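Here is the structure we will look at, set down as structure tokens.
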Amino acid sequence: MDLSETVVQTGLFTENCYVLAEGMYDDGVFHVAALGFPPPEPAKFTRSYFGNVNFFGGPSQTSCKASSQLLALEKESTDSSFCVLSDVWLNEPEVMGKFRILLTGLAECPPSVFVLCGNFCSVPSGTLYSQTLKEGLKSLADMICEFPSILENSRFVFVPGSLDPGPGNILPRPPLPAMLTKEFTDRVPFATFTSNPCRIQYCTQQIVIFREDIVNKMCRNCIRLPSDDVDLPHHLVKTVEAQAHLCPLPLHVRPVYWTYDHSLRLYPLPDMIIFADKYDPFTIKSSTGCLSMNPGSFSRNGFQFKMYFPAKNDIQDSKIP
């Protein structure tokens, strides 16, 4: 295969990706003139073929997209919001101080959900990591209990990072061990420690959360770095949607449990994908109707985070000064 004169379309082309190649086969060599991804299929087209089959998961046999009651409730709940943060280092006093400021500002109108993504400690994983994390969760529980309105009305979703306690560097990652979280859940009953990636069904909206520094990994392993003016997040979103998979990388680069690979698939496309990446924050609405966002690193990037309002399908960039 000859790629020397290939025009590469938008995307990050790595091993394991499905591609469409156009060119000429001559003297045993395929000279590729253009290389692109298969067009992603909008979720509404998928559902027009499969009806109300529930691909997303959960106890219901039918998709919640078909519920007119849930749709009406979603539109009526104009005050409902999601607060999304990544790299919440519970062992850093400055980070905890900024998070206290955040809780103080949101106490009068608590978000429906706080999504907190790892890594939850700034120290490298080691013998003291679990104890440090357990103490950090205890401090966080003490802080949340100081705000009764948030404690009673908000849910907390914890998504582990690659350095948090777990079975090696492999996807999907299980929730944080119960031995570390039991004391926290006893004091904050609306807390949920999930796997990575995880899925949230909010009324009719389907939300996928993935904590992974995927931008750098995709760039390091693509066959040719993009040279146009389109920024990297657009290339990433195009790739993920076209491959219908959160991590279209070779297994030797990012190992995946084959039995649980379905948890990384995106078919049909959800309403929102949250890439909790240390890369700069971004928000992208693609032509498929899927909304993608990255809150950025709360601890590294000047305490930035995102607020999402489902009733308006609106995302606001936020920052603690």
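The values are calculated or read from the model by the stated rules, or taken from the named source; none is laboratory data. Not measured: the values here are computed from a predicted model. Note that each Cβ is placed from the backbone with ideal geometry, even for glycine, and that neighbours are counted across all protein chains shown. Surface areas here come from the heavy atoms of the whole protein model, side chains and all, with no ligands, DNA or RNA. Shrake-Rupley method; radii C 1.70, N 1.55, O 1.52, S 1.80 Å.
Any idea which of 185, 181, 194 is of a type in the set (Val, Ile, Thr), farther than 25 Å from residue 47 by Cβ and touching a Phe, Trp or Tyr at 6+ places or on another chain (Cβ under 6 Å)? Can you show your working first?
Numbers: 185 fails: touching a Phe, Trp or Tyr at 6+ places or on another chain (Cβ under 6 Å); 194 fails: touching a Phe, Trp or Tyr at 6+ places or on another chain (Cβ under 6 Å).
Residue meeting the stated conditions: 181.
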- prompt: For the range 159-173, what are the residues that are out of contact with any Phe, Trp or Tyr (no Cβ under 9 Å at 6 or more places or on another chain), open to solvent by 10 Å² or more (accessible area, probe 1.4 Å) and within 19 Å of residue 273 (Cα to Cα)?
  reply: 162
- request: Name the one entry in 42, 93 that is surrounded by fewer than 19 Cβ atoms within 10 Å (Cβ to Cβ), touching a Leu at 6+ places or on another chain (Cβ under 9 Å) and of a type outside the set (Phe, Trp, Tyr).
  value: 42
- prompt: What is the number of the single condition among (1) part of a strand (DSSP E or B); (2) polar (S, T, N, Q); (3) closer than 16 Å to residue 12 by Cβ that residue 239 does not meet?
  reply: (1)
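If you take the residues in the range 165-194 that are assigned to a loop (DSSP other than H, G, I, E, B) and in contact with a helix residue (DSSP H, G or I) (Cβ under 7 Å, 6 or more places away or on another chain), which one is modelled with the lowest pLDDT? Walk me through how you get there before you give the answer.
To start, the set of residues in the range 165-194 that are assigned to a loop (DSSP other than H, G, I, E, B) comprises 165-170, 172, 174-177, 188-190, 194.
Within this subset, residues satisfying the condition of being in contact with a helix residue (DSSP H, G or I) (Cβ under 7 Å, 6 or more places away or on another chain) are 165, 172, 188.
Numbers: 165: 91, 172: 97, 188: 98.
The residue in question is 165.
Which of the residues spanning the range 55-70 are without any contact (Cβ under 8 Å) to a residue 12 or more places away in the chain, within 15 Å of residue 202 (Cβ to Cβ) and of a type outside the set (Gly, Ala, Ser)?
Residue satisfying the conditions is 69 alone.
Scanning the range 71-85 for residues that are touching a residue at least 24 places away in the same chain (Cβ under 8 Å) and open to solvent by less than 50 Å² (accessible area, probe 1.4 Å), which turns out farthest from residue 320 (Cα to Cα)?
74
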- line: Log entry, pairs with first residue in the range 112-131 being part of a loop (DSSP other than H, G, I, E, B), second being open to solvent by 50 Å² or more (accessible area, probe 1.4 Å), beta carbons closer than 6 Å, six or more apart or on different chains, reads 119/163; 122/92; 125/163
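Look at residue 224 and say whether it is among the basic types (Lys, Arg) and at pLDDT 95 or above.
Spelling it out, it is not the case that residue 224 is among the basic types (Lys, Arg) and at pLDDT 95 or above.
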